[in-house]
Amino acid sequence: MTTTNVGHPLDPLTAEEIRAAAAIVRAQSGVTDRWRFASIDLREPSKQALATVTGPGADEASLPREAEVVGWNRDDGAAFKGVVSLTDERVLSWDPQPGEHPAMTPDEFHECDAALRGDPRIVEALARRGITDLDLVLFDTWAYGAALVPEPYRGRRIAWADVWHRNSPEANPYANMLAGLHPIIDLNTMELLELEDRDPGPPAQVMGEYSPGLVPGLQLRDDVKPLDITQPDGPSFTIEGNHLRWQRWSMRLGFNYREGLVIHTLGYADAGRVRKVAHRLSFAEMVVPYRDPTPDHYRRTAFDIGEWGLGLMTTSLELGCDCLGEIAYLDAVLHDSRGEPYTVKNAICIHEEDDGVLWKHVDDRTGADTRRMRRLVVSFHATVANYEYLVYWRFYPDGNIQCEVRATGIMVTTPFAGGAPPYGTVIDQRTYAPFHQHFIVARLDLDVDGEHNTVYAAEASTLPTGPDNPYGLALVQRLTPLRTEREGIQDYDWARQRTWKVLNDNVANGLGTPVGYKLEASAAIPALIDPDSPVVRRARAIEHTLWVTPYSADERWPCGEFPNLSAYDSGLPVWTARDRSIENTDVVLWYVFGINHVTRPEDWPVMPVDMVSFWLKPVGFFDRNPTLDVPAQPGHGSAHHGSRPAHPEQDV
Ligand SMILES: [Cu+2]
């Protein structure tokens, strides 16, 4: 599979471009070695600019390349954000961000670990717990919310850490939390400000190992035979640069430090013409509050995208992809806090899967007609310290899109003395795993057959029994247009089976009704948190299932651009307070879904994946089932005519 770079304006920054952007702000904006770069990322061209280069005959490489740069000075903590023209080698803007703390960087995580293990107060606290081999200790740094920062450190770039101890060099680093032991660190000076050191009680003897060699008495199953997928003629997709095509689908793949994978310019070819479905799909935030008020956990509220970056946490699938069949990979280019680029090999996986039956009917006279489903899967895996998020965007031949997240990895667990706390599940000897939630905010910039769309709440409604409905059977669907941002704030409603239709009222299908896609509200979870709690003040976005905003290039981060050490949510609640019109315009849907993780013994010591997903499905986008042209399996499945060739693939 060749992946030559064709230089499209939506391609992520190259290593050379990242290095150039850092050099330009150093030379022109007084950025010194005392600074860190939180992010150097492509400033994506506007929709209008893109439209000028994607038409027939347009030169796609002709748009100016720009980088968005965020950095701060470690000496005074002052943060700046700017735009750099890579084409003109010039800083276009460089603006102070007073009071803001850019996202945590992996460099700080590692430097923090190094600083802590060299601190005599830590060494002494560990020795008192009988731990003298510091190679067996892991310092796991977490970010703070502003309201929980101890008074003397307000305004500083601080973090707190857990300390973990493993039983042997190869053992699970997250098996034994040293409860009660929490350093508080200034990340700019790497100074240990405070060491919380409470008496943890006697240590618990847990079996926290999952690697077979470390699990006592484990017999591997011996009845698992090989299951191989062979694609002798290769996969059915093609990828040129970042442009991916499969059956009728086409899209561009992007990637950045924060969202990880981005799906750009998604279209479906229908009768030889590419019909737009979405301009851009990504995850814009993930909020993980632990629901345990005890001293070890009360400040554990991770913003895995805004504080840490799902892109930065993305792991190379060289390390284990476990997709079967013919796979293509794309690398990702990121950078460290000095602005030095590095490559994550095989960051994005592209492959095709069999998925059972697509459609079927058995006719008395003519027998069975069956077509098999396949799906194109574009995925990436992020390891956020102890936890893994596996993200799969799946595209189906019938126009369906499924976004699935699998949560796995190792739960945070803590030993307890006395009775088990009610805020978690006991999973091992005197050890519990606190309840927590994973809220993911998907940013869905749908453009169904064009930019002018309206979102409708669609609800099932029963009619009263009466002369027209004598048996009480009548069920109708009510569509309510969401006309303003305030109306666009929606909650899932099981009793009414609420879904949301994104219709283009300006384009009719062959039946005379508007073309559309619907968002099926699966995996929606309620916030279940006091609205006045500090984490909700920082993440108002999680209080509702859906938000709808008119497209604005600068509105990208639902909990604010800088959630690290934030006090309030400066994203969705602030934008939507303007109550702008969202009718027949370019709308963006912000869908909040996730896992209310009531921990189980079976999730320990490594969690079998928990899967949640939502779907986008065509509703009247096509006039009928668009997959009648899917060929039967050779030698199977079409009782009428055997296996006929499909329509020749339209080149789009
Ligand atoms: Cu969980």
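The values are calculated or read from the model by the stated rules, or taken from the named source; none is laboratory data. Everything numeric here is computed off the predicted structure, so don't read it as measured data. Every residue, glycine as well, gets a Cβ built from its backbone with ideal geometry; the counts of neighbours run over all protein chains shown. Accessible surface is based on the protein model in full, side chains and every heavy atom, while ligands, DNA and RNA are left aside. Shrake-Rupley method; radii C 1.70, N 1.55, O 1.52, S 1.80 Å.
Can Pro645 be described as more than 23 Å from the chain's Cα centre (by Cα), crowded, with 19+ Cβ neighbours inside 10 Å and either within 16 Å of the ligand (Cβ to nearest atom) or modelled with pLDDT under 95 (or both)? Here the answer is no, as Pro645 does not meet what is asked.
Counting only residues that are farther than 17 Å from Met286 by Cα and among the charged types (D, E, K, R), which one in segment 432-450 is surrounded by the fewest Cβ atoms within 10 Å (Cβ to Cβ)? Working first, answer last.
First, the residues of segment 432-450 that are farther than 17 Å from Met286 by Cα: 432-434, 445-450.
Cutting the leftovers down to among the charged types (D, E, K, R) gives us 445, 447, 449.
Details: Asp445: 21, Asp447: 24, Asp449: 23.
By that ranking, first place goes to Asp445.
Pull up segment 321-353, narrow it to residues that are open to solvent by 60 Å² or more (accessible area, probe 1.4 Å) and at pLDDT below 95, then point me to the one that is nearest to Asp107 (Cα to Cα). Full working, then the answer.
Applying the first criterion (open to solvent by 60 Å² or more (accessible area, probe 1.4 Å)) to segment 321-353 yields 322, 324, 326, 329, 331, 338, 340, 342-343, 345.
Right, trim to at pLDDT below 95 and you get 322, 324, 326.
Values: Asp322: 29, Leu324: 34, Glu326: 35 Å.
The residue in question is Asp322.
Among the residues making up segment 14-38, a single one is under 27 Å from Ala328 (Cβ atoms) and either modelled with pLDDT under 95 or open to solvent by less than 10 Å² (accessible area, probe 1.4 Å) (or both): Ile18.
Consider segment 372-386 and keep the residues that are part of a strand (DSSP E or B) and open to solvent by 10 Å² or more (accessible area, probe 1.4 Å). The one that is farthest from the ligand (Cβ to nearest atom) is Arg372.
Is segment 560-573 home to any residue that is buried (at least 18 other Cβ atoms within 10 Å of the Cβ) and within 16 Å of the ligand (Cβ to nearest atom)? So far as segment 560-573 goes, no, none of its residues is buried (at least 18 other Cβ atoms within 10 Å of the Cβ) and within 16 Å of the ligand (Cβ to nearest atom).
Within segment 577-601, the set of residues being among the charged types (D, E, K, R) and within 16 Å of the ligand (Cβ to nearest atom) comprises Arg600 only.
Which residue out of Trp590, Trp575, Trp604 is within 26 Å of Arg394 (Cβ to Cβ) and touching a strand residue (DSSP E or B) at 6+ places or on another chain (Cβ under 7 Å)? Being within 26 Å of Arg394 (Cβ to Cβ) and touching a strand residue (DSSP E or B) at 6+ places or on another chain (Cβ under 7 Å) holds for just one of Trp590, Trp575, Trp604, which is Trp590. Meeting the requirement of 1 or more residues that are closer than 30 Å to Gly241 by Cβ, the helices (runs of 4 or more DSSP H) wholly within segment 40-157 are 47-53, 106-117. Residue count for segment 102-132 under the criterion of being closer than 14 Å to His165 by Cα and surrounded by fewer than 13 Cβ atoms within 10 Å (Cβ to Cβ): the result is 4. Does Asn453 fit the bill of being closer than 30 Å to Leu519 by Cβ, more than 16 Å from the ligand (Cβ to nearest atom) and surrounded by 22 or more Cβ atoms within 10 Å (Cβ to Cβ)? Taking the combined requirement at face value, the residue satisfies it.
Could you tell me which of the residues Arg300, Arg365 is open to solvent by less than 30 Å² (accessible area, probe 1.4 Å) and of a type in the set (Lys, Arg)?
Values: Arg365 fails: open to solvent by less than 30 Å² (accessible area, probe 1.4 Å).
Unique residue meeting the criteria: Arg300.
Is it the case that Thr484 is modelled with pLDDT of 95 or more, among the hydroxyl-bearing types (Ser, Thr, Tyr) and either surrounded by fewer than 14 Cβ atoms within 10 Å (Cβ to Cβ) or farther than 26 Å from Ala539 by Cα (or both)? Against the criterion (modelled with pLDDT of 95 or more, among the hydroxyl-bearing types (Ser, Thr, Tyr) and either surrounded by fewer than 14 Cβ atoms within 10 Å (Cβ to Cβ) or farther than 26 Å from Ala539 by Cα (or both)), Thr484 does not qualify. Give segment 398-431 a look and list any residue that's open to solvent by less than 10 Å² (accessible area, probe 1.4 Å) and away from the ligand (no atom under 12 Å from the Cβ), or say none. Answer for segment 398-431, where residues must be open to solvent by less than 10 Å² (accessible area, probe 1.4 Å) and away from the ligand (no atom under 12 Å from the Cβ): Gly399, Ile401, Cys403, Thr414, Thr431. Considering only residues in segment 279-289 that are within 23 Å of Lys501 (Cβ to Cβ) and surrounded by 22 or more Cβ atoms within 10 Å (Cβ to Cβ), the one that is farthest from the ligand (Cβ to nearest atom) turns out to be Arg280. Sub-6 Å Cβ pairs linking a first residue in segment 533-552 that is of a type in the set (Lys, Arg) to a second residue that is at pLDDT 95 or above, at least 6 apart or interchain, are Arg537/Tyr568; Arg538/Gly145; Arg538/Ser566; Arg538/Asp569; Arg540/Asp569; Arg540/Pro573, ordered by first then second residue. Somewhere in segment 542-551, is a residue away from the ligand (no atom under 16 Å from the Cβ) and over 22 Å from the mean Cα position of the chain (by Cα)? For segment 542-551, residues away from the ligand (no atom under 16 Å from the Cβ) and over 22 Å from the mean Cα position of the chain (by Cα): absent.
Which ones in segment 68-98 are open to solvent by 70 Å² or more (accessible area, probe 1.4 Å) and under 24 Å from Ala15 (Cα atoms)? Before the answer, list the steps.
Residues of segment 68-98 that are open to solvent by 70 Å² or more (accessible area, probe 1.4 Å), as a first pass: 75-76, 87-90, 92, 95-96, 98.
Listed by number, the residues that qualify are Thr87, Asp88, Glu89, Arg90, Leu92.
If the condition is being part of a strand (DSSP E or B) and β-branched (Val, Ile, Thr), then segment 406-459 contributes Thr408, Thr414, Thr425, Val426, Ile427, Thr431, Ile440, Val441, Thr454, Val455. Does Glu583 fit the bill of being free of Cβ contacts under 8 Å to residues at least 60 places away in the same chain and in contact with a strand residue (DSSP E or B) (Cβ under 7 Å, 6 or more places away or on another chain)? When the stated conditions are applied, Glu583 does not pass them.
Which of the residues spanning segment 607-631 are more than 21 Å from the chain's Cα centre (by Cα) and either open to solvent by 50 Å² or more (accessible area, probe 1.4 Å) or at pLDDT below 95 (or both)? Break it down stepwise before answering.
Going residue by residue through segment 607-631, those that are more than 21 Å from the chain's Cα centre (by Cα) are 618-631.
Residues satisfying the conditions are Asp623, Arg624, Asn625, Leu628, Pro631.
State whether one or more residues within segment 530-551 are open to solvent by 30 Å² or more (accessible area, probe 1.4 Å) and either of a type in the set (A, V, I, L, M) or part of a strand (DSSP E or B) (or both). There is no residue in segment 530-551 that is open to solvent by 30 Å² or more (accessible area, probe 1.4 Å) and either of a type in the set (A, V, I, L, M) or part of a strand (DSSP E or B) (or both). Just checking, does segment 162-184 include any residue being farther than 22 Å from Pro120 by Cα, of a type in the set (A, V, I, L, M) and surrounded by 14 or more Cβ atoms within 10 Å (Cβ to Cβ)? The answer is yes, given that some residue of segment 162-184 is farther than 22 Å from Pro120 by Cα, of a type in the set (A, V, I, L, M) and surrounded by 14 or more Cβ atoms within 10 Å (Cβ to Cβ). Counting the residues of segment 576-621 that are within 30 Å of Pro481 (Cβ to Cβ) and in a strand (DSSP E or B) gives 18.
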